[in-house]
Structure formats: structure tokens, C-alpha cells
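Contents: one structure, followed by commentary.
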Amino acid sequence: MAQTTHTTTHGATPPEGTRRDFLMLATGAAGVVGLGAVVVPLVSQLAPDAQTVAAGAPIDFDLTPVAEGQGVKLVWRGQIIFVRHRTKKEIDEARAVNVASLRDPQADQARVKQGHEQYLVLYGKCTHLGCIPSGTAAGEPKGEFDGWYCPCHGSHYDSSGRIRKGPAPLNLGLPPYAFTSDTKIRIG
Amino acid sequence: MSGHSSYTPRTGIERWLDARLPIIRLGHDAAVSYPVPRNLNYFWTFGGILMFMLVAQIVTGIVLAMHYTPMSSVAFSSVEHIMRDVNYGWLMRYLHANGASMFFIAVYIHIFRGLYYGSYKAPREVLWILGVVIFLLMMATAFMGYVLPWGQMSFWGATVITNLFSALPLIGETIVTFLWGGYSVDNPTLNRFFSLHYLLPFMIFGVVILHVWALHHVGQNNPTGVEVKNVAKDTVPFTPYATIKDLFAMVCFIFVFSWFVFYMPNFMGHADNYIPANPAVTPLHIVPEWYFLPFYAILRAVPDKLGGVLAMGGAIVVLAFLPWIDSSKVRSMTYRPIARQFFWMFVVVCIGLGWLGAKPAEGGYVIASQILTTLYFGFFVALFVIGLFERPKALPTSIADSVLGAMKGGSGARLATATAAEPNAKG
Ligand code: HEM
Ligand code: FES
């Protein structure tokens with residue numbers, strides 16, 4: 001009995017072992033590749049689909065109707081865009097602050113297009129948790145810094161859209177846009 | 001307490017089935033002969049109530065799903081269609097919406113029961129952690145369910161909560177885009193939330209099975225926290241004793257549930273959710289459903305975005321570590337004079353946080369939230385520290401002793417015992 005076991009182990013193990021080892025590795029490798037091939041589509045389908053991406057095509061906007069001191073809200077890619085025609089006072093206030101003292105230091109000059117300082121174009125999305133700050137339309141509370149105020153958890157943005165007070169970590173974002181003429185912009 | 005089975009098949013068919021699929025035996029062992037401590041109070045009936053609520057949510061939910069349309073342009077009106085046109089649709093929806101609230105009332109009582117009686121301590125750590133997992137899944141389910149009617153609170157609640165993930169460094173923004181399936185909360189978000197809202201309750205069901213399995217393996221804790229020593233003396237069989245008590249409590253609970261459904265069905269909801277979602281206007285005052293308020297208050301108490309998110313997550317996750325945080329060997333707070341006072345303070349802190357979560361995030365409310373958030377986490381530190389020096393009161397030697405003691409020399413013979421009551425409990 002003991003001898004039979006002994007011989008079987010002794011005689012049969014090495015060749016069988018290597019074959020099994022090979023199958024193990026080959027199957028394992030195929031399994032990993034297969035798993036990857038399944039996980040990639042499963043995760044990727046969550047991303048914005050072709051239709052959603054296509055709906056994000058650039059939009060043109062004519063600034064002429066926006067008088068000084070006024071602001072408008074546009075929608076691009078399902079997101080709100082603020083366009084504000086700033087007053088002289090608002091521009092001066094934005095430029096008077098010490099940039100280094102800001103939470104997200106950025107000069108006002110870097111947030112507007114050269115030669116079009118009066119126009120501020122921003123994502124209307126609070127960088128805290130995504131609410132729409134008030135302050136664009138006439139009569140809406142503008143917060144303590146003549147800019148925007150987010151009602152959700154109390155973030156204040158200044159007249160350059162920079163975060164000045166409250167829980168939001170960053171300045172209001174800048175969408176990609178360019179002036180196509182003196183009074184027209186293309187967003188996207 | 002998985003002792004040997006006391007099931008004896010009586011008919012030929014039962015014997016035949018028992019040899020092939022012992023499912024009747026399983027039911028008998030789990031819900032008839034299963035021994036429960038004889039001193040359980042009504043706080044132990046909430047497990048059964050939770051089971052009932054889960055089934056109620058699934059049944060009403062499946063009915064709602066037959067009439068609901070998860071498409072952003074019509075979701076809101078399809079809910080109104082359920083309310084106005086579908087026979088008894090109003091009832092199904094009010095049962096489902098209020099059912100979610102009642103589910104959370106029951107789970108909070110169930111959790112505080114566990115905290116008070118030390119039910120998380122060895123050997124019930126896994127049982128407890130499975131409970132925390134169920135709680136997390138419930139929160140995810142309720143959150144996504146609340147998005148489905150596509151009202152203003154649905155939309156902005158979804159925006160704020162999904163944006164929590166954007167606080168994570170580097171990958172945050174990508175995660176949020178993948179959650180949304182777009183650049184903001186929109187139709188793709190609604191579609192996937194509906195799919196997941198349908199799925200998660202069944203996952204909860206699966207974890208509940210594990211939870212009950214773990215329970216039946218280690219046995220129930222009890223108000224004294226003293227383990228069962230003598231099954232015959234310390235326990236009674238589940239049926240009829242626990243069965244009837246659980247059913248009675250369930251009926252009382254259903255009275256309260258029905259009172260909300262029939263007399264104040266929108267009391268726990270928010271009026272703004274009857275305004276269709278408008279991506280261009282954020283309501284001036286956003287509040288989550290009441291059951292999320294304490295955690296929402298913790299989120300807002302921290303003036304830093306990532307910090308707030310971590311504090312909020314930590315407030316839930318810390319529960320899972322409780323078995324190793326609490327340093328006392330004594331389970332029940334009844335015998336812990338110092339810890340018991342901290343327990344009640346913790347209850348007050350949680351209610352206080354809930355109240356603050358509904359207030360605007362400004363001035364004194366923020367400071368109060370910060371103090372209470374510190375106290376919330378302080379409770380867990382206290383549990384560790386108190387256990388090191390607290391002198392517990394004398395524990396009863398056994399469950400039977402504590403019951404007999406309470407009866408002031410009343411005759412122990414009146415107590416049914418597991419063995420005596422079991423064979424023909426129907427009489
Ligand atoms: C853990 C169990 C569940 C919880 C906590 C839960 C919670 C919720 C909540 C809070 C709402 C919003 C109610 C409102 O304000 O209108 C909701 C809506 C909905 N739920 Fe559930 N649910 C659960 C299970 C299910 C299941 C299993 C299904 C489907 C099979 C389902 C289908 C629906 C549908 C279609 C709606 C939209 C209709 C409406 O808003 O009334 N639910 N759920
Ligand atoms: S979302 Fe604006 S302050 Fe929180």
C-alpha cells in the first residue's frame with residue numbers, strides 16, 4: 001500500500017506536474033485577458049456617449065445686447081455658462097486685491113481675454129458641490145464681493161469669479177471660448 | 001447557537017422532501033425551534049420590522065416601476081400619472097415614499113439598540129459589520145430613489161451628492177463624469193440611477209441573508225449582555241414566543257406607517273420636489289431627506305471640501321470599527337454607569353446634528369455643527385477611554401437569574417422553558 005503510493009508519486013508527478021503547471025499559467029493568462037476585455041466595455045459604457053458628446057458642439061453668442069452691468073446665462077454641454085458685462089467699478093475691485101492672498105491665486109487679467117476686460121465668461125457651477133451661484137441676473141444676491149453667491153453652502157465669489165469665502169476650493173471655471181469678432185464669442 | 005436540528009418530519013411527503021432538500025428543516029430550525037433569550041425587550045422586534053419594510057419596498061417598488069418612465073423629459077409627469085391616473089397609484093407611491101422613511105426610522109432604532117446593548121462585541125463583529133454594509137446600501141438606494149421623480153430636490157440633491165466624489169484628488173472629476181454619463185446630471189444619470197435603484201434592494205436582500213445567518217450562528221444578544229449559558233433555562237423557542245411578539249410590534253409599527261401614509265403623506269418629503277427639475281435654477285435652500293441630515297451637517301461643518309467629504313464618510317465608516325474601538329468587556333450599557341451617560345449624550349448629539357442639517361449653513365449654525373461634529377467623533381474616543389477605567393455594576397450570573405430577580409421571588413416554575421414549551425407549542 002505504502003509502496004504503491006510511493007511509486008505513483010515518484011513516477012508520475014514530474015511530467016504531470018509540468019503539464020498542469022502549463023495549463024494553469026495558460027488558463028490564468030487567458031482569464032486575465034478575458035477579464036480585461038469584459039471590464040473595459042463595462043466601465044467605458046458609463047462615460048458620456050456619442051450623442052452627449054455631439055451635443056457639446058461649440059455655440060456662438062452675440063454680446064451686443066448685454067449692456068454694461070448686465071449678465072446672462074447660457075447652456076453649453078448641459079452646463080450653465082455665465083456671461084457678465086462688468087462695470088468699471090467691478091473691474092477695478094477685481095484688480096485691486098492682492099492675488100497672493102487668494103485661496104486659488106489668479107490675477108483678473110488671466111481670467112479674461114486681452115482687450116475684452118469688461119466681459120467675463122465663466123462656468124456657472126460652484127466648485128464646491130455644483131450648485132448654480134446667484135448674481136448673474138438683475139436682483140439676484142451677488143454675495144459680499146460684488147460677484148456671485150452660492151446658496152447651497154454659502155460660497156462667495158468676487159467680480160472676477162474667484163472664490164473669496166465659503167467652502168468652495170477653486171475659482172469658477174473658465175470654459176474654452178474665443179472672440180470671433182469684437183462683439184461675438186464662440187464657446188467650445 | 002446552531003445546535004443540532006430538532007425537526008422531525010411527520011408526514012411521508014415531508015420525509016421524502018427532507019431527504020432531498022431539507023428546506024422545511026431549515027425553516028423549522030431558523031424560525032420555530034431557534035432558541036431566543038427569554039429576556040428580550042421590544043427593541044429586539046425591529047429586525048423583523050426591517051425585514052417587513054424591505055419586502056414592502058420591493059413590492060410597492062415593482063408596482064411603481066410598471067408605470068414609471070425613467071426619461072428626464074417625462075419622469076416627473078409619469079410620477080404624476082401614477083398619482084392621478086393609475087388605480088391606487090397614489091397609495092403605492094405614498095407607501096413607497098413614506099416606506100423609505102419608516103425603513104430608516106426602524107434601522108436607526110435597530111442601530112441604537114445595538115449600540116446600547118453592546119451587540120457589536122465579540123462574537124458578533126461580523127454580524128455588526130454586515131449591518132453597516134446594509135445601512136450603506138440602504139442610503140445609496142434611497143438616494144437614487146429620490147432622484148427618480150425628477151423634481152427640483154431630486155435634481156439638485158443628485159448634483160450635490162454626486163459632486164462629493166469630485167473632492168477626491170486626481171480621479172475625482174473623471175469619476176463624477178462617469179457617474180453622470182455626461183457633463184452634468186441629465187437623462188443618462190436618471191437612466192442608470194433607475195437601473196441601480198431596482199438592483200440594490202435585491203443586493204440588500206442578499207446581505208440580509210448573510211446578516212441573519214451570522215445571527216443564527218452566534219445567537220442573539222440580550223438586554224443583560226450576558227451570554228446564554230443554559231439553553232433550557234435562559235431561552236424560549238422562537239415560535240410562539242418571539243413570533244407573536246414580533247408580529248405584535250409589526251402591527252403597531254404599521255399603524256404609525258399608515259398614519260403617515262393616509263393623514264400626512266408629504267410630511268417627510270419636501271415641497272420643492274413637486275416642482276419639475278430645472279437645471280438652470282438652484283433652489284435657495286437645498287436639504288436632503290431627513291434621514292441624511294446628521295451626515296449632511298457633518299459635511300457642512302468642515303470648511304474644506306475634501307475634509308468635509310472625509311468627515312462625512314468617516315462618520316459612517318467608524319461604526320464598522322466599533323467592535324475594536326470600545327475597550328470594555330461588558331456589553332450592556334445597563335451595567336456601565338459612565339458609558340451609559342455618554343450613550344445618551346451621543347443620541348442627543350445625533351438628533352442635534354439632524355436639526356442643524358436642515359438649517360442654512362451660516363453663522364451660529366455652522367459653529368454649532370462644528371461642536372456637535374467634534375462630540376460625534378468624541379463619543380468613539382470616549383468609548384475607548386472609558387472602558388479602560390470604568391467599574392461596571394455587578395452582572396447577573398445568568399439570563400434566567402436576571403429574569404427571576406426582576407420577578408422578586410416570583411415562582412420560576414411559571415416560566416416556560418425551551419424544552420417544555422417546544423413539542424406542542426400551539427396549545
Ligand atoms: C431598499 C428599498 C427601497 C428604498 C429605501 C426605496 C426608496 C425610494 C425613494 C425614497 C423614492 C422616492 C419617492 C418619492 O419621493 O417619490 C423611490 C422611488 C421609486 N422607487 Fe424605490 N426604494 C426601494 C426599493 C425599490 C424597488 C425594489 C423598486 C423597483 C423594483 C423601486 C422602484 C421605485 C420607483 C419606480 C420609484 C419612482 C416613483 C416615485 O418616485 O414614487 N424601489 N424609492
Ligand atoms: S455647492 Fe456652492 S457652496 Fe456648496
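The values are calculated or read from the model by the stated rules, or taken from the named source; none is laboratory data. Fair warning: this is a prediction, and the values are worked out from it, not measured in the lab. Neighbour counts run over all protein chains shown; Cβ positions are idealised from the backbone, glycine included. Just the protein is used for accessible areas: all its heavy atoms, side chains included, with ligands, DNA and RNA removed. Shrake-Rupley method; radii C 1.70, N 1.55, O 1.52, S 1.80 Å.
In order along the range B:382-391, the Karplus-derived 3J(HN,Hα) couplings, from 6.51 cos²θ - 1.76 cosθ + 1.60 at θ = phi - 60°, round to 4, 4, 5, 5, 4, x, 6, 10, 4, 9 Hz, and Gly and Pro are given as x.
Given the range B:29-286, what whole percent of its Cα pairs are spread farther than 25 Å?
51
Of the residues A:Gly139, A:Thr87, A:Gly161, the one whose Cα sits farthest toward the positive end of the charge dipole of the range A:55-187, with +1 on the Cβ of Lys and Arg and -1 on the Cβ of Asp and Glu, is A:Gly161.
What does the charge add up to near B:Phe384, with Lys and Arg as +1, Asp and Glu as -1, over the other residues with Cβ less than 12 Å from its Cβ? Counting the neighbours of B:Phe384, the net charge comes to -2. Distance distribution note for the range B:20-73: the fraction of Cα pairs above 16 angstrom is 68%.
Counting Cα-Cα pairs of the protein assembly as shown in 10 Å increments starting at 0 gives whole-percent bin shares of 3, 13, 20, 20, 17, 13, 8, 4, 2, 0, 0. Protein heavy-atom accessible surface, 1.4 Å probe, per residue over chain B: 48 Å².
Within the accessible area of the protein assembly as shown, the carbon and sulfur atoms contribute 69%, probe 1.4 Å, all protein chains present. The order of B:Val366, B:Val107 by accessible area, most exposed first and with a 1.4 Å probe, is B:Val366, B:Val107.
Rolling a 1.4 Å probe over the protein heavy atoms gives the range A:55-187 an accessible area of 42 Å² per residue.
Heavy atoms of chains B and A lose about 2200 Å² of accessible surface on contact, summed over both sides with a 1.4 Å probe. Per-residue mean of foreign Cβ neighbours for B:369-379 is 0 (Cβ atoms of other chains, 10 Å radius).
Highest mean packing comes first when the peptides B:141-150, B:234-243 are listed by Cβ atoms within 10 Å, giving B:141-150, B:234-243.
Working note: Debye formula, equal point scatterers on the alpha-carbon atoms of the range B:293-393, no solvent; log10 I(q)/I(0) at q = 0.10, 0.15, 0.23, 0.25 Å⁻¹ is -0.30, -0.62, -1.12, -1.24. The distance separating the Cα centre of the range B:324-397 from that of the range B:179-240 comes to 25 Å. Computed over every Cα-Cα pair of the range B:319-376 and binned at 10 Å starting from 0, the pair-distance distribution P(r) comes out as 20, 40, 26, 12, 1 percent. Between B:Glu390 and B:Phe112, what FRET efficiency follows from the Cβ-Cβ distance if R0 is 25 Å, with the result rounded to 0.05? For R0 = 25 Å, the calculated efficiency reads 0.80.
Of all the Cα-Cα pairs you can form in the range B:80-185, what percent are over 24 Å apart? For the range B:80-185, the share of Cα pairs beyond 24 Å comes to 47 percent. B:Phe194 contributes about 40 Å² of solvent-accessible surface, heavy atoms of the protein only, 1.4 Å probe. Taking a ≥ b ≥ c as the square roots of the eigenvalues of the alpha carbon gyration tensor, the range A:108-162 is prolate, as a/c is not under 1.5 and a/b beats b/c. What does the structure give for B:176-182 when I average, per residue, the other chain Cβ atoms found within 10 Å of the residue Cβ? Other-chain Cβ atoms within 10 Å of each residue's Cβ, averaged: 5. In the range B:350-365, burial by the other protein chains removes 20 Å² or more of accessible area from B:Ala361, compared with the chain on its own (1.4 Å probe, ligands and nucleic acids ignored). Per-peptide packing, taken as the mean over residues of other Cβ atoms within 10 Å, places A:154-165, B:256-267 in the sequence A:154-165, B:256-267 from highest down. Using heavy atoms of the protein chains and a probe of 1.4 Å, the accessible area assigned to B:Trp44 is about 30 Å².
With every protein chain in place and a 1.4 angstrom probe, the accessible-area ranking of A:Arg111, B:Arg25, largest first, reads B:Arg25, A:Arg111.
Computed about its Cα centre, the charge dipole of chain B is approximately 1320 debye, with only Lys, Arg, Asp and Glu carrying charge at their Cβ. Distance from the Cα centre of the range B:1-80 to that of the range A:134-157, in angstrom? The distance from the Cα centre of the range B:1-80 to that of the range A:134-157 comes to 52 Å. Put a dot 7 Å past the Cα of A:Val39, heading toward its Cβ, do the same for A:Val99, and the two dots end up 4.3 nm apart.
Between B:Val231 and B:Ser77, the modelled labels are 6.3 nm apart [label points 7 Å from Cα along Cα→Cβ]. Charge tally around B:Ala167: other residues with Cβ under 11 Å, Lys/Arg +1 each, Asp/Glu -1 each, net -1. Using alpha carbons only, how many degrees (0 to 90, rounded to 10) separate the axis of helix B:152-163 from the longest principal axis of chain B? With both axes taken from Cα atoms, the answer is about 80 degrees.
Sorting the segments B:71-80, A:42-51, A:29-38 by their mean number of nearby beta carbons within 10 angstrom, highest to lowest, gives B:71-80, A:42-51, A:29-38.
How many Cβ atoms of partner chains, on average, are near each residue of A:70-77 if near means within 10 Å of its Cβ?
Counting other chains' Cβ atoms within 10 Å and averaging over A:70-77 gives 1.
Coupling constants for the range B:52-57 follow from the phi torsions by the Karplus curve (6.51 cos²θ - 1.76 cosθ + 1.60, θ = phi - 60°), and in residue order they are 4, 5, 4, 5, 4, 5 Hz; glycine and proline get x.
Semi-axes of the equivalent ellipsoid for chain A, computed as √(5λ) from the eigenvalues of its C-alpha gyration tensor and ordered from largest down, come to 62, 20, 14 Å. Over the range B:158-203, the pair-distance histogram of Cα-Cα distances with 5 Å bins from zero comes to 5, 24, 26, 22, 16, 7, 1 percent, rounded to whole numbers. Residue-normalised convex hull volume from the C-alpha trace of the range B:70-133: 105 Å³ per residue. By the compact-protein rule of thumb, 2.2 N^0.38 Å, the alpha-carbon radius of gyration of the range B:123-190 corresponds to a ratio of 1.35. With a Förster radius of 56 Å applied to the C-beta separation of B:Thr374 and A:Thr183, the computed FRET efficiency comes to 0.55. Here is how the number arises for chain A: DSSP H runs of 4 or more residues each give -39500 (n - 2.57), the sum is divided by the residue count, and the result at 222 nm is -10500 deg cm²/dmol. Measuring r between the beta carbons of A:Ala47 and B:Ala65 and using R0 = 25 Å, the FRET efficiency lands at 0.45. Spin-label model, B:Trp213 to B:Ile23: label points 7 Å out along the Cα-to-beta-carbon direction sit 1.7 nm apart.
Helical content alone sets the calculated 222 nm signal of chain B at -20500 deg cm²/dmol, taking -39,500 (n - 2.57) per DSSP H segment of four or more residues and averaging over every residue. Between the helical axis of A:2-44 and the dominant principal axis of chain A, each derived from Cα atoms, what acute angle in degrees is found, rounded to the nearest 10? The answer is roughly 20 degrees.
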